[in-house]
Amino acid sequence: MLGTRVLTAALLAPLVVLVALLGEPWLSLLIGLIVFLALVELIGLLDAAGFAPPQVLMLALGLAVAGATLIAANQGLVGALLSSLLAATAVPGLPIMVFVTAVLALAIASFTRADPREGFLTWATASFGLAYVALLAPFVVVVAHLGPADGSAATSVGGLGLPAGSAWMLMLLLVVWGYDTGAYLTGRWLGRRRLIDHVSPSKTLEGLAGGLVAATLAAGIGAWLIGLAPWHPLVIGPLVGLAAQAGDLAESLLKRAAGRKESGFLIPGHGGMLDRIDSFLFAAPALAGYALLVVGAGR
């Protein structure tokens, strides 16, 4: 199992890094595909948990929400009708408008359930599913559009002179992968005390500590790539590392409710797509927020 996990990671990681370096439109296309696959798995988990979401409607609405968020993240690159749509929804924002519409549509769909309690649970969990995947996943693209306050995502920064957007994307990948690897290896070798046993029995406090150390070291490399002051990794590492762990636990909670060990079987040794992106769903918004509010990055 470990050998399959390592081999799969060795094959997929370079492809992900390549897309991160190539930037748009390849990154948004990849995230769109990931959202589609993750939504299919999520709908299956919610169904297995007994919430019976309207599958086709939820998938279509989820893709619409993700599409609106990706368009908003790429607003500097779109034109014609899409540009006019962004201008028309400038006050609430296109993603919010589409998400609100989706929540209303799911509410109407829930009216068909004979049991009001069942209808409410279907509406609530389906709306949650859209927010969980379709709103959070595109934050990876937001990270890739970060740049210095006086520049853009294309501005060269850091020790290698990479475009700022690519450097921030590599920061995200390094910290999340660093945390996951550090937590896995430390927990496997030294783990004794359970972290949250009723949600994920395999997670340990020792793994958490090892993951945070690895995430901080990885953030140091990312800070060099971006050109950040040396103290930033001491905050970014623990912040994004803890967010990654929370994302992993959140998906474990969902799988527990559904009685599943994995979200799917798409990726050998790693389970489904949700199993691979769960950390990023929380880590990407955390890093984007830190970059915009603390570092003063621009978009």
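The values are calculated or read from the model by the stated rules, or taken from the named source; none is laboratory data. Here the structure is a predicted model, which is why all the values come from computation and not from measurement. All Cβ positions, glycine included, derive from the backbone under ideal geometry; neighbour counts span all protein chains shown. Side chains are part of the model used for accessible areas, which takes the heavy atoms of the whole protein and leaves out ligands, DNA and RNA. Shrake-Rupley method; radii C 1.70, N 1.55, O 1.52, S 1.80 Å.
Mind ranking 6-19, 235-248 by how tightly packed they are, going by the mean number of other C-beta atoms within 10 angstrom, highest first?
Result, highest mean first: 235-248, 6-19.
Using a 1.4 Å probe on the protein heavy atoms only, what accessible surface does E24 show? Give it in Å² to the nearest 10.
Roll a 1.4 Å probe over it and E24 shows about 50 Å².
Ignoring ligands and nucleic acids, what accessible area does R193 show with a 1.4 Å probe (Å², nearest 10)?
In the full protein context, R193 sits at about 150 Å².
When ligands, DNA and RNA are left out and all protein chains stay put, how many square angstrom of accessible area per residue does the chain have with a 1.4 Å probe?
Counting only protein heavy atoms, the per-residue value for the chain is 47 Å².
As a check on your grasp of the helix formula, calculate [θ] at 222 nm for the chain: sum -39500 (n - 2.57) over DSSP H runs of n ≥ 4, divide by the residue count, round to the nearest 500.
-23000 deg cm²/dmol, from helical runs alone.
Give the average over all directions of the projected area of the C-alpha convex hull of the stretch 210-272, one decimal, in nm².
5.3
For the residue pair H198 and A90, what label-to-label distance in nm results when each label sits 7 Å from Cα along the Cα-to-beta-carbon direction?
Placing both labels 7 Å along Cα→Cβ, they lie 5.0 nm apart.
Using Cα centres only, tell me the gap between the stretch 118-153 and the stretch 176-208 in whole Å.
Taking the Cα centre of each part, the stretch 118-153 and the stretch 176-208 sit 26 Å apart.
Hey, how many Å between the Cα centroid of the stretch 234-280 and the Cα centroid of the stretch 36-113?
22
Sort 103-115, 126-138 by packing, meaning the average of other beta carbons within 10 Å per residue, with the highest value first.
126-138, 103-115
In angstroms, what radius of gyration and Dmax does the chain have, counting Cα atoms only?
Considering the chain through its Cα atoms, Rg and Dmax are 19.5, 62 Å.
Are there any helices in the chain, counted as whole DSSP H runs, that stretch 20 Å or more along their axis by Cα and score at least 1.0 on average by Kyte-Doolittle, and if so which?
TM-like helix candidates: 2-22, 26-48, 55-73, 94-110, 205-226.
Take the solvent-accessible surface of the protein heavy atoms, probe 1.4 Å, and return the percent of it on the chain that carbon and sulfur atoms account for.
72
Please compute the modelled spin-label separation between L77 and R113, points set 7 Å along Cα→Cβ, answer in nm with one decimal.
Reported label-point gap for R113 and L77 is 3.9 nm.
At 1.4 Å probe size, with no ligands or nucleic acids counted, give the accessible surface of M97 in Å², nearest ten.
90
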